[in-house]
Every structure is written in structure tokens, then in C-alpha cells.
Amino acid sequence: MNKSMEIPENKNIYYFNSIDSTNQAVRRLAEQDAAHFSIVIAEEQLAGRGRLGRSWFSPPYSGLWFSILLRPKLLTPPNAAQITLVTAVVIASYLRDHHGLEVKIKWPNDLLLENKKVGGILTELKGKPDHIEYLIVGIGLNINQQQSDFPTNLGLQAASLSTISGQLYDRTELFLSLRDDLIKGYGLFFSNGFNPFYHLWKKYTITLGKKVTITWPGGTLAGEALDLTEEGALLVKDSLGNTKIINYGEIK
Ligand code: BTN
């Protein structure tokens, strides 16, 4: 299964056999003035990164590890987190509509199949409090791995499209189709805002209506996830009945 992708020559797609992290590579390109929608994709990452300082398991020839550079003109930093939700909706819609996979979204960035994580999104931003210079959206999707390919510490919570469906996927085709859908989705988001994605996010999520414990660097909150605000934050009712707005964190 050591088959490389066949990515067509395209001045905005930078393909690597092996790289530290595609997010890091996009950051380096962004600092050299690379264009809006430039993409770095690699067969393998040697230092793939997840959220909250974790590493991301990125073995060769089996997943999709890519990052997209965005230079939004009008988006402000408080709305940047919506990019993660938009990305999750576009990927879930693509996998549902074209591959019959019932992908669910766990707030804010986990893509799940049968309650196991098949993908994640790491969004990073450079800017000032009132201005975004650029955003990097890093996407990791487990595609053709077998269950035994995952390290034991991930094995129970992680899956690939293949472990769930029993099929092998053409990663080149998946990537090129997803790229087209993401570029369309970001275009819609930049012109019309989060609203076109809001209802689909609510349809696909497993988070709402559940008891959750949310942690973030320096804090934790237990309660019930009531709703998503139109800005993309989570509304959580705590044990005293107070409703809190959570913009950033992770659900245990
Ligand atoms: C998470 O769920 O914690 C986010 C995982 C994001 C992984 C992707 S793989 C491509 C890009 N490059 C990285 O180093 N991380 C993201």
C-alpha cells in the first residue's frame, strides 16, 4: 500500500514526500508572501501537530495531511474560529454525499465515524487583535490505515475511513475533490459568513444535548452543551444553571 498520490502540477499546491508539519510549511510559505489558497500536502509528517500541543500521528501513504493558507480580507480574529467549524462541515458533507460515510462533528474540530476519531483540524492565525494577516487550516484525515497501524495509545479512539467501511480509497481523488469543496466553502464563508454552515453543523454534531466537560489551558467546565451560537461558540449550562459561552477548548 506504499502508493504515492499523483498530485497534478499546480502553482498553488506544494507536494512533499516527507515534511515536519504541513502547518509549519505553510507558515514558512506565508512569510514569503505565498498566495491565498496555497496548499501544502505531504505523504508523511515527521512532526505532525494536533491541538493543545499534542502530536498528530501521520504515517506515510495512508492519510491526508494538508494545510491551506487563507488571507481573508474582512474576517476579524473573533470570527476566525468559525473557519474550523466551516472546514468540518465541508469535509463531513463531502464524505457523506460522495462516500456514504456518516461523519459526525464533535465540537470544535473532531471528525468522527462510529464515535472514533478519523480526522482533526488545527487552525492557526497570525495577526493583531483587530486584523488577520493569515490563517493556516491544517487538516488530518485517516484514510487507508488498518486498525493495527495505530499506536496502542490511539488504537481505541482512532479509526480510518477504511477501518470503518472496509474499503480502500484513492487519496489523490479524495484530496482533489475535497480541495475544490473547501475552496468553494471558504468563498461562501468569506462572502456570506457562517450562516450557510450553521444548520449543517447542528445537523452533523454529536455535541449538543450532551453532558460535557470542557477543558482549556487553565480552566475546565462541566455542564450540558445546549446550543451553538451563530458565531460558532458553544453554550454550556453549568451545574448552577448558568449558561456560559465557550469559544475555545476541548471536550473530554
Ligand atoms: C487535532 O485534532 O488535534 C488536530 C489535528 C490536525 C492534524 C493536521 S495534519 C496536517 C496539519 N499539519 C499538522 O501538523 N497538523 C495538521
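Here is how the numbers come out for the structure above:
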{"quantity": "Solvent-accessible surface (1.4 angstrom probe) belonging to THR220, in square angstrom, nearest 10", "calculated": "90"}
{"quantity": "Note, ³J(HN,Hα) from phi for the range 175-183, Karplus 6.51, -1.76, 1.60, rounded to Hz, x at Gly and Pro", "calculated": "4, 5, 5, 4, 4, 4, 5, 5, 5"}
{"quantity": "Approximate spin-label separation LYS237-GLN32, in nm, with each point projected 7 Å along Cα-to-Cβ", "calculated": "5.4"}
{"quantity": "Solvent exposure of the range 13-204 as accessible area per residue, Å², 1.4 Å probe", "calculated": "43"}
{"quantity": "Sequence-separation-based contact order of the chain, relative, with Cα cut under 8 Å and 6+ spacing, percent", "calculated": "16"}
{"quantity": "Label zone at ASP130, where the point sits 7 Å out along the Cα-to-Cβ direction: the range 68-101 residues whose backbone N lies under 19 Å", "calculated": "72-80"}
{"quantity": "Sites matching GluC sites (Glu not before Pro) across the range 85-127 that sit in DSSP coil, with at most 13 neighbouring C-beta atoms within 10 Å", "calculated": "GLU102, GLU114"}
{"quantity": "D (Stokes-Einstein, µm²/s), Kirkwood Cα radius, the range 170-212, 0.890 mPa s at 25 °C", "calculated": "199"}
{"quantity": "Given charges at beta-carbon only (K, R positive; D, E negative), |dipole| of the chain in Debye", "calculated": "520"}
{"quantity": "Accessible area, probe 1.4 Å, largest first, for residues ARG179, ARG171, ARG28", "calculated": "ARG28, ARG179, ARG171"}
{"quantity": "Heavy atoms of HIS199: accessible area, 1.4 Å probe, square angstrom to 10", "calculated": "130"}
{"quantity": "In order through the range 64-76: 3J(HN,Hα) via Karplus (6.51 cos²θ - 1.76 cosθ + 1.60), integer Hz, x for Gly, Pro", "calculated": "10, 10, 8, 9, 10, 8, 10, 10, x, 7, 10, 5, 10"}
{"quantity": "Candidates TRP56, TRP216, TRP201, ranked by Gaussian network fluctuation over the chain, Cα under 10 Å, top entry", "calculated": "TRP216"}
{"quantity": "Overall Cα dimensions of the range 211-251, principal axis frame, Å, largest first", "calculated": "25, 21, 14"}
{"quantity": "For ASN17, net neighbour charge (Lys/Arg +1, Asp/Glu -1) across residues whose Cβ lies under 14 Å away", "calculated": "-2"}
{"quantity": "Label-point separation in nm, GLN147 to SER177, each point 7 Å along Cα→Cβ", "calculated": "2.6"}
{"quantity": "Percentage relative contact order, the range 211-251, counting C-alpha pairs under 8 Å, at least six apart", "calculated": "36"}
{"quantity": "Rg(Cα)/(2.2 N^0.38 Å) for the range 13-204, N = residue count", "calculated": "0.97"}
{"quantity": "Solvent-accessible area, 1.4 Å probe, carbon plus sulfur percent, for the chain", "calculated": "52"}
{"quantity": "Entries of LYS3/LYS202; LYS128/LYS211; LYS184/LYS210; LYS184/LYS237; LYS116/LYS202 with Cα pairs more than 26 Å apart", "calculated": "LYS3/LYS202; LYS128/LYS211; LYS184/LYS210; LYS184/LYS237"}
{"quantity": "DSSP-loop trypsin sites (Lys or Arg not before Pro) across the range 65-167, with at most 11 other Cβ within 10 angstrom", "calculated": "LYS73"}
{"quantity": "Translational D in µm²/s for the range 1-112 (Stokes-Einstein at 4 °C, 1.567 mPa s, Kirkwood Rh from C-alpha pairs)", "calculated": "84"}
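The values are calculated or read from the model by the stated rules, or taken from the named source; none is laboratory data. From a predicted model like this one, the values you see are computed outputs, not experimental measurements. Positions of Cβ are generated from backbone atoms using ideal geometry, with glycine treated the same way; all protein chains shown enter the neighbour counts. Each accessible area value is taken on the protein alone, full model and side chains, heavy atoms only, with ligands, DNA and RNA left out. Shrake-Rupley method; radii C 1.70, N 1.55, O 1.52, S 1.80 Å.
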